Amino acid sequence: MINQYPTWKYLLIAVILVVGTLYALPNLYGEDPAIQISATRNAQVDAAVQDRVSTALSEAGITPMSVELLQEQILIRFRDTELQLKAADLLGKTLGKQFVVALNLASAEPGWLHAINALPMYLGLDLRGGVHFLMEVDMDAAVDQAEARYVGEFRDLLRKRDEPIRYITVVRGSGGVVAQFRTAEERDQALEALNKEYDSLEFSTSETVDKWLVTATIGDQERRDIRNFALQQNITTLRNRVNELGVAEPVIQQQGDSRVVVQLPGVQDTARAKEILGATATLEFRMVDESHNVLDAVNSGHVPAGSELYNERNGDPVLLDRRVILTGDYITDASSGFDQDSGGAAVFINLDSKGGHQMSNATKDNIGKLMAVVFIENKVETREVNGEPVKHKSVVKEVINIARIQGQLGNRFQITGLDNPQEARNLALLLRAGALAAPIEIIEERTVGPSLGRDNINQGFMSVVIGLALVLLFMGVYYKVFGLFANVALLLNIVLLIALLSMLQATLTLPGIAGIVLTVGMAVDANVLINERIREELRNGNSPQASIHSGYEKAFSTIADANITTLIAALVLFSFGTGPVKGFAVVLSLGILTSMFTAIMVTRAMANLVYGGRRVDRLSI
């Protein structure tokens, strides 16, 4: 008997179709408007917070669909966006600054699909929405940081010369960096040395009673370069952080001379995205001042020279040396985990060669002494004062870990003292992605709901439906039973394509929908070639069974050539394209694979089941 597949091939096709249908199903359930509540570093989301949220909503007459306590966050689902927005305002006031209340869209798929990791595919910002941030870089802070860096460099240059130049102080003044000297001779020597080393700065001299001054100011060109570098460095850092978040097809681009647009389509954890993108956390390693009594410094208000007063997380004061052993700039990699001794959260840090050398030298001479890890975070908030928005800047510095140096440290070590594993993961992420060159403020935040892309979704959906309906009608009328085979394969092709996009968690955009429409055309094109080959064989006088066999065999090479050339074009688009172009290429590539499978194997299996293994006088084609 001819035109029959072995049993294993039928089973393979059936398994692929069943699995594809299962993993395409989540896309039918849509999404619920939701609110996501997560904690800041000094709070924790637990059952008590969940009860507090439920009580607040109940008292306000707001009935949510569900209030779920998930891993370190609460997810509240609503029937519509009106209730969602009303509840977000209420909970923001009720919970205060200890918690982040963020709008979200949560998948409405049933639990049994989620249990087998069947997730809906992401839709791009033009379809599903996502998170849109407009961020502004604090350019004045970038210049301030440059001036602060010059203060330290000036001190080192004057102090570490073969013949050191004595100075009274080097500080930042209103006009720039000001160095004070006791004599005019020392001032002139310093001016010559600084001018030689820093030709990009502008120097001027002045004098007061018993003080001779050198003032260094940053010129206009240097100021522009600093600001441009800060903007570009922040864009690079934001891109690294978005990559760490695992967001598909993000948009990160400059807007104007101080702003950055960040679009995160399909992002689920909007609160964490906001926290990670806007954070400017870094670390400093300093020795603890054990030679002075910290309580005396607190009570008297006088901090010993060369030391600074900090607080630990529990509020206890501690004196640290003013000299910084190492900053987070030398960190090349960071990962979170657990301390083997205490079992608490820890961050494992790798330094570059220069940082490892500095840490090695510092710890070699201080074995047995205490070293502190200082966590530094710059925050910029816009508050309304007398009806006008006013920016409020603050720097949070706290000691997260104090440990006794047991031996000489090198390029790899760990820090502990973190509140929980989530904070360890976030800190490791920030250190891996790099510190922002200047503080950045989110001045516009939009969680874009499906309403924005509803017209796009409807038009895209209608284009697929109309195109598919016309193709199905033509194939059914023109090729009869074999047209029905092609129609079933065409529908299964779309199901498998959606399943693959869902399994890969790819992002579908408007260009992706164009790729689906193109895939429909390509898939039916293969069946047209096969059916015409079969009709040609019948016209040549071959038997129906031989015509089916020859039709599929002879059409295969033509179909393969056409699809391979299209696949090459798709790979080129993916390699050189960006954003939506890549999305189109991905959909097109996957569509080629699924259309080859359904147009050749699935239709052949159906033809075999209907006509194979028996004598046939004529074919309905």
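Structural remarks
- Of the residues Glu136, Glu185, the one with the fewest other Cβ atoms within 10 Å heads the list, and the complete ranking is Glu185, Glu136.
- Unit charges at the beta carbon, dipole of the chain: most positive-side option, Pro265, Leu538, Phe229: Leu538
- Inter-label distance, nm, simple model (7 Å from Cα along the C-beta direction), Lys364/Lys397: 2.8
- Under the membrane-span-like helix rule (DSSP H runs whose alpha carbons stretch at least 27 Å along the helix axis, mean Kyte-Doolittle hydropathy -0.5 or higher), the chain yields 139-159, 454-503, 510-539, 544-576.
- Per principal axis, descending, Cα span of the stretch 31-108 in whole Å: 32, 26, 18
- Assuming charge only on the beta carbon of Lys and Arg (+1) and of Asp and Glu (-1), the dipole of the chain about its Cα centre is about 2360 debye to the nearest 20.
- Positive-end residue of Leu194, Gly315, Phe154, charge dipole of the chain with Cβ unit charges: Gly315
- Taking Ile168, Ile349 and counting other C-beta atoms within 10 Å, the order from fewest to most: Ile168, Ile349
- Placing +1 on the Cβ of every Lys and Arg and -1 on the Cβ of every Asp and Glu, with no other charges, gives the stretch 140-220 a dipole of roughly 360 debye about its Cα centre.
- Value at 222 nm in deg cm²/dmol, rounded to 500, when DSSP H runs of n ≥ 4 in the chain each add -39,500 (n - 2.57): -16000 deg cm²/dmol
- Couplings 3J(HN,Hα) of the stretch 166-182, computed from phi: 6, 9, 7, 7, 10, 9, 7, x, 5, x, x, 9, 10, 10, 10, 10, 8 Hz, in residue order, whole Hz [Karplus 6.51 cos²θ - 1.76 cosθ + 1.60, θ = phi - 60°; x for Gly and Pro].
- Listed pairs Lys160/Lys211; Lys160/Lys196; Lys93/Lys274; Lys196/Lys397; Lys9/Lys554 exceeding 26 Å between Cα atoms: Lys196/Lys397
- Inter-site label distance for Leu22 and Phe474 at 7 Å from Cα along Cβ, in nm: 3.7
- Per-peptide average of other Cβ atoms within 10 Å, ordering 488-494, 470-476, 23-29, 297-303 highest first: 488-494, 23-29, 470-476, 297-303
- Amide H within-cut-off set for Asn3, under 5 Å, with H built and near neighbours excluded: none
- The chain - percent relative contact order, Cα under 8 Å, separation 6 or more: 17
- When Met121, Met139 are arranged by Cβ crowding within 10 Å, least crowded first, meaning fewest neighbours, the order is Met139, Met121.
- FRET efficiency for the Thr63 to Thr169 pair, using the beta carbon distance and R₀ = 51 Å, is estimated at 0.20.
- Per-selection Rg to Rh, the stretch 140-220 - Cα, Kirkwood hydrodynamic radius: 0.94
- Taking the charge dipole of the chain about its Cα centre, with +1 at Lys and Arg Cβ atoms and -1 at Asp and Glu Cβ atoms, the residue from Ile367, Phe485, Ser550 reaching farthest to the positive side is Ser550.
- Ordering 56-67, 252-263 by mean Cβ neighbour count within 10 Å, with the highest value first, yields 252-263, 56-67.
- As a rough guide to protection, the peptides 543-549, 508-514 ranked by mean Cβ packing within 10 Å, highest first, stand as 508-514, 543-549.
- Once backbone amide H atoms are built at 1.01 Å from N, Tyr122 has Ala506, Leu508 as its partners under 5 Å, excluding neighbours fewer than 5 places away on the same chain.
- Seen from every direction in turn and averaged, the convex hull around the alpha carbons of the chain projects onto 38.9 nm².
A short reminder: the numbers here are calculations on the coordinates, not readings from a lab. Quick caveat, the model's predicted, so the values are computed rather than measured. Cβ: placed from backbone, ideal geometry, glycine included. Neighbour counts: every protein chain shown.
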